1. Which residue, of V186, V203, V158, is touching a Phe, Trp or Tyr at 6+ places or on another chain (Cβ under 7 Å) and either at pLDDT 75 or above or assigned to a helix (DSSP H, G or I) (or both)?
2. State which residue is modelled with the lowest pLDDT when the search covers only segment 100-113 and only residues that are surrounded by 13 or more Cβ atoms within 10 Å (Cβ to Cβ) and part of a loop (DSSP other than H, G, I, E, B).
3. In the list G234, G223, which residue meets the criterion of being closer than 22 Å to L145 by Cα, outside any helix (DSSP H, G or I) and open to solvent by less than 10 Å² (accessible area, probe 1.4 Å)?
4. Please count how many residues of segment 84-99 are part of a loop (DSSP other than H, G, I, E, B) and within 16 Å of C65 (Cβ to Cβ).
5. So, in segment 84-102, how many residues would count as being over 28 Å from the mean Cα position of the chain (by Cα) and either among the β-branched types (V, I, T) or closer than 24 Å to P151 by Cβ (or both)?
6. Considering only segment 92-125, how many residues are touching a Phe, Trp or Tyr at 6+ places or on another chain (Cβ under 8 Å) and of a type in the set (S, T, N, Q)?
7. Pick from segment 39-56 the residues that are part of a strand (DSSP E or B) and open to solvent by less than 20 Å² (accessible area, probe 1.4 Å): which of them is modelled with the lowest pLDDT?
8. Identify all residues within segment 137-151 that are crowded, with 19+ Cβ neighbours inside 10 Å and at pLDDT 75 or above; write none if there are none.
Amino acid sequence: MSEMLDHSSRPSSPSNIPMDALSEVLQDFRLSGVNYGRCELRHPWSIAFPQQQLLRFHFVSRGPCWIHTDTQGWQELNDGDLVLLPRGIAHRLASAPDVEGDSLESCQITRLGSNVCEVVREGTGEISTLFCGSMALGAYALNPLIALMPPIIKGCDVAGNDPIVGPLLAAMSAEATQPQMGSATVLSRMADLLAARLIRCWVNCSGASTTGWLAAIRDPHIGRVLAAMHRDPGHNWTLESLAGVAGQSRSIFAERFSTILGEGAAHYLARLRMQLARELLGQSGMSVAEVASRLGYESEASFARAFKRVTSVSPGIVRRTSSGRTDMNFGQ
């Protein structure tokens, strides 16, 4: 339990941990660094989206529109279709599979706010109307889930398992087709909700494995512990306090946690903390001392030792070599 014991104590455990652990993990599903683009593109057009560590989505209000990925090739998207790319794999959108080049260079891009833009490609061909977005997630909370998800999810494939998805897609289509004052804001809020519901649908329909992260988040005891860890990774968790959250004895909890997740609670918690630390050091501009304090460590030195033990590099190196804020401009 050394990973747990080498940082500071916080007196009380988080309370009111809900039984629905997935909701707890998703409760902070706030899409930071979001960029949305409402697109009116005249055929022929084609836009490439390179690999980025972002969740991307594309909603087709009116086609034609095709999407290409290396794993699945070309797929036609119909009016009202939405695709979610949880890990932001490289892909291409086009009005037809045989259109080459990058039409973004010939588009007029107008900022409608700090994170919303309008993308227009003039011409005489048929108009495709799309609403696209790129989102940075709280990686330390959702990383285990995102890593398990397929590279591309189509909203229509899961709509039958969630009665809200269909009406949401219809509402987004109406908002994108007939924009009014505030439409960009309304669309962005719908996109947040839709992405969260699609992720939940996938979790509910992804089988009944008895081991791994999905099995753990569904377990009524271990799921509550994961929710507590993700809610407050900097808390001074001990085996006793985690077992108390689970409502189990120390021995039963420790054995159950290791059986489902393949590692002990201390190791999981240490990795979770260092995922968050990497994010804070790499993107927020926080100093090593500030990150150590946020994660509850008694000193910068104790944090640095824990960080290097888990990641094999020092926090100072990560902070100095970080590329800073990820560029999330539309299509780039």
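The values are calculated or read from the model by the stated rules, or taken from the named source; none is laboratory data. Values in this document were obtained by computation on a predicted structure and should not be read as measured data. All Cβ positions, even for glycine, are placed from backbone atoms using ideal geometry, and neighbour counts span all protein chains on display. To get the accessible areas, we keep the full protein, side chains included, count just its heavy atoms, and leave off ligands, DNA and RNA. Shrake-Rupley method; radii C 1.70, N 1.55, O 1.52, S 1.80 Å.
1. Details: V186 fails: touching a Phe, Trp or Tyr at 6+ places or on another chain (Cβ under 7 Å); V203 fails: touching a Phe, Trp or Tyr at 6+ places or on another chain (Cβ under 7 Å).
After applying the criteria, what remains is V158.
2. L112
3. Numbers: G223 fails: outside any helix (DSSP H, G or I).
Every option except G234 fails the conditions.
4. Counting residues in segment 84-99 that are part of a loop (DSSP other than H, G, I, E, B) and within 16 Å of C65 (Cβ to Cβ) gives 5.
5. Within segment 84-102, the first condition is being over 28 Å from the mean Cα position of the chain (by Cα), and the residues that meet it are 96-101.
Those left that are additionally either among the β-branched types (V, I, T) or closer than 24 Å to P151 by Cβ (or both): 96-100.
The total comes to 5.
6. The qualifying residues number 3.
7. Narrowing segment 39-56 to residues part of a strand (DSSP E or B): 39-42, 46-49, 55-56.
Then drop every residue that is not open to solvent by less than 20 Å² (accessible area, probe 1.4 Å), which leaves 39, 41, 46-47, 49, 55-56.
On the way: C39: 90, L41: 94, S46: 94, I47: 93, F49: 91, L55: 83, R56: 88.
Out of the qualifying residues, it is L55.
8. M149 - this is the single residue of segment 137-151 that is crowded, with 19+ Cβ neighbours inside 10 Å and at pLDDT 75 or above.
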